[in-house]
Amino acid sequence: MITVHGLLGAPSDALRTDAARAVLVVGGRRHLEALGVETARSVELGRLTPALDALAALPPDADAVVVASGDPLFYGVVRRIRRAGLAVRVVPAVGSLQAAFAAVAVPWDDALLVSAHGNDPSPALKACRHHPKVGVLTDPITGFPEIVAATAGLGRVYVLAERLGEAEERVRVLDETEAASILDVAQPHVVLVLAHHPDDLDVLGVQDPIAGGIRPWQKDPA
Ligand SMILES: C[S@@+](CC[C@H](N)C(=O)[O-])C[C@H]1O[C@@H](n2cnc3c(N)ncnc32)[C@H](O)[C@@H]1O
């Protein structure tokens, strides 16, 4: 059985136990180091294809662990693993955007959650310009500076949340001027782009039966 464990911060006891027993552990370098898995028993991400090949080559009764950041079902690895024909059990962790909203006590059911990670960042950056509450997954190419540049002049407030759950975790709330002067941004990080400061009650927004809030660029919701 392949178990996909989410991880944000310290590994859970369940993850440590499963990783210690597994014949193969797949994960990013930081995650493998946090678990202390020997090189002979691990495949480091990067590229997912070699890991998928290694997982597919295992006997059906072998136990393997894949470590993914946050919730493995949210812009995570499970889609590609299942598309490769492999069955998985999923043990989620708190997602990075969920943790960032929690860090500033801002409800996120009316937020738009977008990804600029490993893809064309245009839709994510457009969302930041048009929606009052956006959570952005980033990558080393499209990160905090690019998000600040794309939203310049709109008076947005930014929550820059770096290395969530780790000893080096840092969460900064920045106005536009402050954001433009930030040079030291750690990986990984997520960014909340807000029309209101987290201390302003207007940031609480409205609870709607459909999550994701308004989409002002969709003139006709039908
Ligand atoms: C492929 S996405 C995976 C998202 C993940 N499934 C989740 O639920 O958070 C990777 C991106 O998630 C964000 N991320 C993951 N772990 C993080 C952490 N500990 N602190 C801040 N951001 C993180 C970063 O934007 C990173 O580039």
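The values are calculated or read from the model by the stated rules, or taken from the named source; none is laboratory data. What you see is a predicted model, and the numbers here were worked out from it, not measured in a lab. Every residue, glycine among them, receives a Cβ derived from its backbone with ideal geometry; neighbour counts consider all protein chains shown.
To keep it simple, each residue is scored yes or no on (1) farther than 29 Å from Val191 by Cα; (2) part of a loop (DSSP other than H, G, I, E, B).
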position	(1), (2)
Val4	no, no
Gly9	no, yes
Val26	no, no
Leu55	yes, no
Pro60	yes, yes
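Quick check on Pro107: is it touching a residue at least 60 places away in the same chain (Cβ under 8 Å) and within 14 Å of the chain's Cα centre (by Cα)?
no
Out of Ser69, Ser42, Ser96, report the one residue that is among the polar types (S, T, N, Q), within 16 Å of Thr3 (Cα to Cα) and within 16 Å of the ligand (Cβ to nearest atom).
Ser69
Can you pull out the residues in the range 31-53 that are assigned to a helix (DSSP H, G or I) and surrounded by 14 or more Cβ atoms within 10 Å (Cβ to Cβ)?
His31, Leu32, Ala34, Leu35, Arg41, Ala51, Leu52
Could you tell me which residue of the range 153-182 is nearest to the ligand (Cβ to nearest atom), considering only residues that are aliphatic (A, V, I, L, M), modelled with pLDDT of 95 or more and assigned to a loop (DSSP other than H, G, I, E, B)?
Filtering the range 153-182 for residues that are aliphatic (A, V, I, L, M), modelled with pLDDT of 95 or more and assigned to a loop (DSSP other than H, G, I, E, B), the one nearest to the ligand (Cβ to nearest atom) comes out as Leu164.
Considering only the range 76-90, state which residues are surrounded by fewer than 17 Cβ atoms within 10 Å (Cβ to Cβ), outside any helix (DSSP H, G or I) and within 13 Å of the ligand (Cβ to nearest atom).
Across the range 76-90, there are no qualifying residues.
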